[in-house]
Amino acid sequence: MRSWTDSLRFAFQPVVNLTTGTVAAVEILARPETGDVLARARREPELDGRLAALAIHDAARKETLLPLHVNVFAGTLADLGDLSALREAVRAVGRLPWEVTVDVGPPFTHVPQRALLEGVAALREEGFRICADGVGDGDVPLRLLDDLGPDLVKLDASLLARTASVRAMRTLCEESGALLAVEGVESELGCAAARDAGAQLAQGDLFAPAARLPSSEVYVPQLPTGCEAPRPAGPSVREFVRPAALLPESASAEQVRKLLTGAPEVSGVLLVDAAGVPVRSVQRDRFLLSLSARYGHALYADRPAARLGDRPRTVGVSATAWEVLDVVADGEHSRTADDVAVVDDGGRCVGVVRLADLVRALAESRVEEAAGLNPLTRLPGSDAVTTEVDRWVAHGRAFALSWLDIDGFKQVNDGAGFAAGDELIRAVGRALARTESETLRVAHIGGDDFLVLADPERLDPLVAAVLDVPWSAGGSPVTLSVATLVCPPGSVTDHRGAATRLAPLKQAAKGLSGASWVCGLAGREGYEVRRGAAVRGDASAVPAQKGASHAS
């Protein structure tokens, strides 16, 4: 008698890292040839659990080393808790739990939320990773999504047309430490939109359709020259994580050799303890060289591979690319090209990063930054600040945006000469650059105009650094004007809104005599004159007004 499993097949679809262009994992998709097995699985948690277990066994038969994604319904997880069938399958095929991501999918309606969260906690305690699947096209409540604390959020591709929603989801992911993926990407336009939205991962027929055999060969469109998205200083190591080849710390040298010779794309193997913590790192070339030496195979084949390994180099998942380079630089010169293990808060390996990926990305980042620097002051242009403003707005962070320029600069150039004018601009730029920190960013937006983004608490020392200094050009005294807009959380929607409100404050500051500082609060009329006085007899001067006080 034929069983329903006889007509069940599985397909594999790659999950692609959009930064490195490599396969980060494969999702296993059930493909029943007859019947309504998936519809039954939605109603029968035990059947759904068996499907997940069968998926793991099928992946083992295909001998893929890539991390796996298996799908379960939210109701199944709430009913079965720790998914014993899945756990047993993972153990039976020799996989480690942290190599498996459980994609929890809809429907979530009527699923007991407490039971679901307990089921997720049980899986996570075992080491499994959790993905919230079908977000944007399903029925997962936002509060539940936050409570789940997933390692990965998968968005439906239809959300790419709703940029505000995707931007909000990216912010949520950043705050919770999750990665953002987009499903169903079928065109290069969709891939570009996913990148622009800040997604780190994606899957869809554009990269590779679901197939009977897992594959590491995918098509990833290149970014058009000159259209690369700006990278933040110090990109997160999460953007460069590749799957790690893992074996137990007790593995023999022969086991490692078989893995390396059967997978030429693997550059090294990490030996991990029972908790998934890396204990030794085996680099491909050095290991194979040791075994190929005279009597090497006879000496080492049946002995623990750990003897031919090195102490692993590790970084946390919250590290930046620059911190990874520091780890590489502090190590032995002979290990410069070794992979670096990325570990979670519990020390368990979540993947590796390769030096080549980091160097390439950081080089591109520096080229982009250099192209945007003002040749006179070597300060970045307005994009550096406006991009940061949008990030602070998205994070609901209060900020102060200031516009600074030199009073009567045309007269300075006409009277003292352009060389003196250039030197004055450079001196102001140096003074502003000395105030830079993690909470203060400076841009030279052209001519004698500068833009400064800062925490409201940094305003007084910033202004003192430029207004309490006796400036001069060609022996004649020069004054500066500063206009500041303080923006509490939610008072502006992006940098354009802030710039629009800042413009009249600059006009007000320029209408005052001497070194001047005008400060306004987004959402309120008027402004406060902190420095300077109205020009006597000048009908066009803006009078000092109250009504906007410094808010921090």
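No lab work stands behind these numbers, since they all come straight from the coordinates. Model, not experiment: these values are computed from the prediction. Cβ placement follows ideal geometry from the backbone for every residue including glycine, while neighbour counts extend to all protein chains displayed.
Assorted remarks:
- Listed by Cβ neighbour count within 10 Å, with the fewest neighbours leading, Thr163, Thr20, Thr171 appear as Thr163, Thr171, Thr20.
- Sequentially through segment 519-524, phi angles give Karplus couplings (6.51, -1.76, 1.60; θ = phi - 60°) of 10, x, 10, 4, x, 10 Hz, Gly and Pro residues having no value and appearing as x.
- Dividing the summed helix terms, -39500 (n - 2.57) for each DSSP H run of n ≥ 4, by the number of residues in the chain produces a 222 nm estimate of -11000 deg cm²/dmol to the nearest 500.
- Burial order of peptide ranges 211-217, 443-449 (average beta-carbon count within 10 Å, highest first): 443-449, 211-217
- Taking every DSSP beta bridge that has both ends in segment 246-359, the antiparallel portion is near 65%.
- Dipole magnitude for the chain: computed about the Cα centre from +1 point charges on Lys and Arg Cβ and -1 point charges on Asp and Glu Cβ, it is near 440 debye.
- Counting only residues at least eight positions apart within a chain, or on another chain, the lysines with an alpha carbon under 21 Å from that of Lys258 are Lys62.
- Structure-derived Rg and Dmax of the Cα atoms in Å - corresponding label in [x] 29.4, 89; [y] 29.1, 103; [z] 22.1, 69: [y]
- Residues in segment 412-426 carry Karplus couplings, in order, of 4, 5, 5, x, 9, x, 5, 5, 5, x, 4, 5, 5, 4, 4 Hz; the curve used is 6.51 cos²θ - 1.76 cosθ + 1.60 with θ = phi - 60°, and Gly or Pro positions show x.
- Cα centroid separation, segment 379-404 to segment 470-506: 13 Å.
- Expressed to the nearest 5 percent, the antiparallel share of DSSP beta bridges inside the chain is 60 percent.
- Helix axis angle, 45-61 relative to the chain longest principal axis, alpha carbon, degrees: 80
- Residue-wise HN-Hα coupling along segment 85-99, computed from phi with Karplus coefficients 6.51, -1.76, 1.60 (Hz; x: Gly, Pro): 4, 5, 4, 5, 5, 4, 5, 5, 8, x, 7, 9, x, 6, 8
- Within segment 374-534, the proportion of Cα pairs with more than 19 Å between them is 52 percent.
- Distant-in-sequence amide contacts of Asp137, defined by a placed amide H-H separation under 5 Å and a gap of 5 or more residues or a different chain, comprise Asp156.
- Aspartates and glutamates whose Cα lies under 17 Å from that of Lys410, excluding same-chain neighbours fewer than 8 positions away: Asp422, Glu423, Asp448, Asp449
- Spacing of the modelled spin labels on Thr493 and Asp422, each 7 Å from Cα toward Cβ, amounts to 4.3 nm.
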